[in-house]
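S.K.: Have a look at this one before I ask anything.
Read-outs throughout are calculated quantities, based only on the coordinates presented, and are distinct from any laboratory measurement. Remember, predicted model here, so these are calculated numbers, not experimental data. Cβ coordinates were reconstructed from backbone atoms using ideal geometry, including for glycine residues, and neighbour counts include every protein chain displayed.
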Amino acid sequence: MSNIIGIGESPRRKEDFRFLTGRGNYVADMKRPDATVGVFIRSPHAHAAIRSIDTTAALALPGVEVILTGDDVAADGLGGMPCGWGISNAEGVPMKEPAFPMLAQGKVRFVGDMVAFVVADTLAQARAAAELVKINYDVLPAVVGVLEAVRPGAPQLFDDVPNNLCCDWEMGDKAAVAVAFRKAAHVARLSLVNNRLIGNPMEPRSAIAEYNAGTGHYTLWTTSQFPHVVRFLMAALVLNIPEQKLRVVAPDVGGGFGVKQFHYGEEAVITWAARRVGRPIKWVADRSEGFVSDRHGRDHVTEAELALDENGKFLALKVHTLANMGAYLSTFGPNIPTNLYAPLLGGVYTTPVIYCNVKVVFTNTVPVDAYRGAGRPEATFVVERIVDVAAAEMGIDRVEIRRRNIIPKEAYPYQTPMLVEYDSGDPMGCLEGALVAADVAGFAERKAASEREGKFRGLGYSTYVEACGLAPSRFAGRLGARGGLYESATVRVHPTGQVTVLIGTHNHGQGHETTFAQIISEKLGVNFENVDIVFGDTDRVQFGMGTYGSRSLVVGGAALSKAGDKVVVKGKKIAAHLLEAGEHDIEFKEGVFSVAGTDRSKTFQEIAGAAYVPHNYPLEVLEPGLEEQAYYDPINFTYPGGCHIAEVEIDPETGIVTLVRYTAVDDVGTVINPMIVEGQLHGGIVQGVGQALFEGAVYDEVSGQLLSGSFMDYTMPRADHVPNMNIQTHSTLCTHTPMGVKGCGEVGTIGSPAAVINSVVDALSHLGVQHVDMPATPNRIWRIIQNATMPQAAE
Amino acid sequence: MTFAFHQPATSPEAVALLGSIPDSTPLAGGMTLLPTIKQRLATPAALIDLSRIPAMSSISVEGDTLAIGAMARHVDVAESAIVAAAIPLLAKLAAGIGDPAVRNRGTIGGSVANNDPSADYPAAVLGLGATIVTDRRKIAAADFFTGMFETALEPDEVITSLRFPVPVRGGYAKFKSPASRYAVVGVCVVQSPGGVCVAVTGAGPGVFRVPEMETALAGSFTPAAVASIKVPADNMSSDIHADSEYRAHLITVMAKKAVAAAIG
């Protein structure tokens, strides 16, 4: 029975059987013989000098193998944690890049900073020992907010980073923007905060490291979105070990959202320690540890100004942002608020000139890095909020001002003033489709009904675009990337005609095992169940940059498609020989090679068999075997986008905001599996709704303690926080990816915060409210209503 | 860290163990104690598990009094036909505590003895004028809650049951923390032959009454009666979820909802 399941179909996900039956293979579940347990001692202070560390009493406890500190790291001459991006200011002066030691040396700079690593036979022993390690700190004043960090007299994190300023970065044409502002009929201004978030994947970070003294090989099992990059960075730049002697395995991973796409110090420490101990070591973070050590996201303070002519046409945009880097530069850290932010400030609009200045700032907080969307939700929030502010101030309808400024479909490819060129898109089509899908026409009636119940109702739009499919290596290199951003795939056809795909991306919830199998099922005409996808093991998969930035299908899928094409090309050569025809007369369709215009044919299975049993085979001109590999480096980013419409109801008595309707019409290019795309949208939108209404990492300004350090205080969005969503696609095809795909992993998170907050502001607009910061908690909304409705005190 | 673990079969046995083992602690549902131990914030020498004492989890009505064993779990109270018939507000309150996992383990006695300032039960215990029965005495609700996480209990004293006078009617309304689902503000309004009681949890360092609302409701038991009564913010708690003025405001809002629930 043929069971070819191809592009556009929605088979159930292959991976779900093992997940739903409890047979997933997670790091914390793994048992290695004779394994020890490791526990990290983390700084309880946001900023302190380490006077002394006394491990004597702890080492005397039974079962304790070793306690390692920053001094041991220094004694072994190991490197610090590398940053994968080097940005520069306008004069070309590189960013300040202070050392990020594996274990703190001399100073701790955030609550959660790693001070020591305790290894013992059992977890209880390791914890008991950790409690006995005496660390003498001299507590120093701390600074957690960006505004405070750049003020004169602020506590300084590093001796050689004046004013805590990592880089004063800019993009765009400052002079042209100044000229345009002088001609403006109206200037809209907005100050906003993009709230700090904690990703909280369901599975905490964990690792097991093992050293084979017989061969000198290391193995690290880790919860990573990019095991090959961990291997490269750790081997070459941190531990100085031969790359071929390090195997990194990222098995099933329970959610990433960016949190697991960095090379963490824990990975390096545990691998280094495994050799010293001579036994495997296992570390599993507990949830509290995750809150203070998983890289955080967002955390911007921004001033934006939009210049418009008398008709509401955008003339120029000027954006000044202070971006919090936390205490050290994480793997992608400085790239996120700069290169992944400023280029998107054009949005879907024809704004001719833009200038963006970003001050990248160190503070005594957890390092900040990419979190689902990474830079692009921040950009979208600035653009879509200030467009609404301008519309309100100029008395232009919010949809109308968008219509007047949206890039028309015919104008694509469209060169923006911020480097990127959008290859394809139809934002107006998405907007018009969403207006219908969201029943905007019926909103007035719904609003009146809410008012009869004493509730405020609001509607909010977000017409957005993002850049993903990271990334064209050459382009990224010009922007400061220190690595390539291509992807690789191998299609291994077995003698039976069944197929194993080895791919450098990593599946941790995205459904790759299904989507990629569909691509190969269709391309090679093999049954869907006869295609297995292998990922996450540097000893099995050739190479890969991993999964982040909505790149897996766009870049990895492209590599896979190309490798599949190569298999077909070779198969045709074999078929031509077997069928005694010219290679160009061979047609391949639905798993059958045939001579055009005849009934002579060979199945894909027969060709695979011939390739591995080459008795009748053109050995003089063709190698046996049927396995092909492709590397793909994209020529441009992809630019998914769309229109999201949120509708909220606010209870003015409590300030509770209830999301009552949500509509998304997105252009993600070719859709391989509609069910999976819809699922990605659902998850992404809920994460964006989380940012808009619930989530926010809060630090105590004096002590630098994380006040939102558990699920008791950090509000995750839950199923009962969101309505059924209306998710549709309105696709234009990407012009440069092999299948026309654009990526869909982050669009939900990018489009939704602005849509939700715009709807909240709309609901409060009758009170003169112009902006609401995220998260729009009940207390914050109640306070805004109080301030707006309270009689003004007499002067 | 290690501790001894005892599972007595009767409450006198439990009390004897608590009295004889230094640094021993009674374990009810463990919803607060176990996380505290895991975080090494508590290091008891022995846990005296009360879950194997059948007499401590019975629910019954005796005359005008509903008696609930201290080890009755939240789910037991929430789903009890006896509770629903006698004091429906208690069943509703129990059904709104935490999440199913918490309700399947947490107990009424544990909650009351812990006296978390954001817990739900203290509002009902004070609002309904319950009596806390221990191994050695009976304590009136008004005398029981002495401060944040503080009660009138002696260190080795164990609550065995709670006795709730069946009121004329009553209601409980809470504003849940969206993160923890604890009460940011919870208000229990109870009308009894002796008068009206308005008890508030979550808003301050401990459960307290609002006499002004009680007087107003004694005159007219309607939401409108409390709608314009503002509670001063001075002694209210403030945290990253709710500032003190907001909490004070929510008392009025929740009191209205509680009265509406009582009227049904």
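S.K.: Multiply the residue separation of A:A75 and A:D54 by 0.36 nm, subtract the distance between their alpha-carbon atoms, and state the gained length in nm to one decimal.
M.R.: Gain in length upon complete extension: 5.9 nm.
S.K.: Under Stokes-Einstein, with the Kirkwood radius over Cα pairs standing in for Rh, what whole-number D in µm²/s applies to the range A:278-364 at 10 °C and 1.306 mPa s?
M.R.: Answer, rounded: 101 µm²/s.
S.K.: May I ask you to derive the FRET efficiency for A:T658 and B:A9 from their Cβ-Cβ distance with R0 = 41 Å, giving the value to the nearest 0.05?
M.R.: Step by step, r from the Cβ atoms, then E = 0.25.
S.K.: Could you tell me how many cubic angstrom of Cα convex hull volume the range A:134-206 has per residue?
M.R.: 232 Å³
S.K.: Using only the Cα atoms of the range A:188-315, what semi-axes does the equivalent ellipsoid have when each is the square root of 5 times a gyration tensor eigenvalue? Give whole Å, largest first.
M.R.: Values for the range A:188-315, descending: 42, 16, 11 Å.
S.K.: Exposure proxy check: A:L308, B:L90, A:L707, A:L764 ranked by fewest other beta carbons within 10 Å?
M.R.: Final ranking by Cβ density, sparse to dense: A:L707, A:L764, A:L308, B:L90.
S.K.: Here's a follow-up. At 0.36 nm per residue, minus the direct Cα-Cα distance, what do A:E410 and A:Q770 gain on full extension? Give it in nm, one decimal, please.
M.R.: Fully extending the segment from A:E410 to A:Q770 adds 126.2 nm.
S.K.: When the Kirkwood radius is taken over all Cα pairs of the range B:179-264, what Stokes-Einstein diffusion coefficient follows at 37 °C and 0.692 mPa s, in µm²/s?
M.R.: Translational diffusion coefficient: 255 µm²/s.
S.K.: Right, here's the next one. What percent does the relative contact order of chain A come to when contacts are Cα pairs within less than 8 Å and at least six residues apart?
M.R.: The value is 16 percent.
S.K.: Right, something else. What translational diffusion coefficient, in µm²/s and rounded to a whole number, does the Stokes-Einstein relation yield for the range B:161-207 at 20 °C and a viscosity of 1.002 mPa s, taking the hydrodynamic radius as the Kirkwood radius over Cα pairs?
M.R.: My calculation gives 181 µm²/s for D.
S.K.: Still on this structure, I have one more. For the range A:642-694, what does the equivalent ellipsoid look like in terms of its semi-axes, each the square root of 5 times an eigenvalue of the Cα gyration tensor, given largest first in whole Å?
M.R.: 28, 11, 8
S.K.: Please pull out the direction-averaged projected area of the range A:689-795, using the convex hull of its alpha-carbon atoms, in nm² to one decimal place.
M.R.: 12.1 nm²
S.K.: On the first, second and third principal axes, largest extent first, how far apart are the outermost C-alpha atoms of the range B:16-97 in Å?
M.R.: The Cα atoms of the range B:16-97 stretch 42, 28, 17 Å along their principal axes.
S.K.: Let me ask something additional. So if I take the alpha carbon set of the range A:425-525, get Rg, then get Rh from the Kirkwood formula, what is the Rg over Rh ratio?
M.R.: That ratio equals 1.22.
S.K.: Say R0 is 30 Å: what FRET efficiency, to the nearest 0.05, do A:M790 and A:R718 get from their beta-carbon distance?
M.R.: 0.35
S.K.: Also, quick follow-up: State the percent of C-alpha pairs, over all pairs in the range B:120-183, separated by a distance greater than 15 angstrom.
M.R.: 58 percent
S.K.: Compute the Kirkwood hydrodynamic radius of the range B:220-264, taking the inverse of the mean of 1/r over all pairs of distinct Cα atoms, and give it in Å to one decimal.
M.R.: 11.1 Å
S.K.: Taking just the alpha-carbon atoms of the range A:461-520, what radius of gyration and Dmax come out, in angstrom?
M.R.: Radius of gyration, then largest Cα-Cα span, for the range A:461-520: 16.3, 54 Å.
S.K.: How do B:V158, B:V259, B:V189 line up, fewest other C-beta atoms within 10 Å first?
M.R.: Exposure proxy ranking, most exposed first: B:V158, B:V259, B:V189.
S.K.: With Kirkwood's inverse mean 1/r over C-alpha pairs for Rh, give me the Rg to Rh ratio of the range B:111-251, two decimals please.
M.R.: 0.97
S.K.: Students often get this wrong: which residues of the range A:530-569 have the backbone nitrogen under 13 Å from the point 7 angstrom along Cα-to-C-beta of A:N25?
M.R.: A:533-541
S.K.: Placing one identical point scatterer on every Cα of the range A:339-418 and ignoring solvent, what is log10 I(q)/I(0) from the Debye formula at q = 0.27 Å⁻¹?
M.R.: Log-scaled intensity ratios, in q order: -1.36.
S.K.: Taking the alpha-carbon centroid of each part, what is the distance from the range A:289-367 to the range B:136-151 in angstrom?
M.R.: 54 Å
S.K.: How many times 2.2 N^0.38 Å is the alpha carbon radius of gyration of chain A?
M.R.: Taking N as the residue count of chain A, the ratio is 0.99.
S.K.: With n ≥ 4 as the cut-off for DSSP H runs, can you work out [θ] at 222 nm for chain A, using -39500 (n - 2.57) per run divided by the number of residues, rounded to the nearest 500?
M.R.: Value at 222 nm, helices only, nearest 500: -8000 deg cm²/dmol.
S.K.: Fewest first, what order do A:C734, A:C643, A:C166 take by the number of other Cβ atoms within 10 Å?
M.R.: A:C166, A:C734, A:C643
S.K.: Hey, another quick one. With both bridge residues required to lie in chain A, what share of the DSSP beta bridges run antiparallel, to the nearest 5%?
M.R.: 80 percent
S.K.: Using a Cα distance threshold of under 21 Å, what count of lysine pairs results for the range B:134-264 when pairs must be 8 or more residues apart or interchain?
M.R.: 8
S.K.: What FRET efficiency, computed as 1/(1 + (r/R0)^6) with R0 = 41 Å and r the Cβ-Cβ distance, is obtained for A:R452 and A:K174, rounded to the nearest 0.05?
M.R.: 0.20
S.K.: Which distance in Å, rounded to a whole number, links the C-alpha centroids of the range B:70-112 and the range B:156-189?
M.R.: Computed from Cα coordinates, the inter-centre distance equals 10 Å.
S.K.: Reported to two decimal places, what Rg/Rh ratio describes the range A:514-567 when computed on Cα atoms with Rh from the Kirkwood expression?
M.R.: Answer for the range A:514-567: 0.96.
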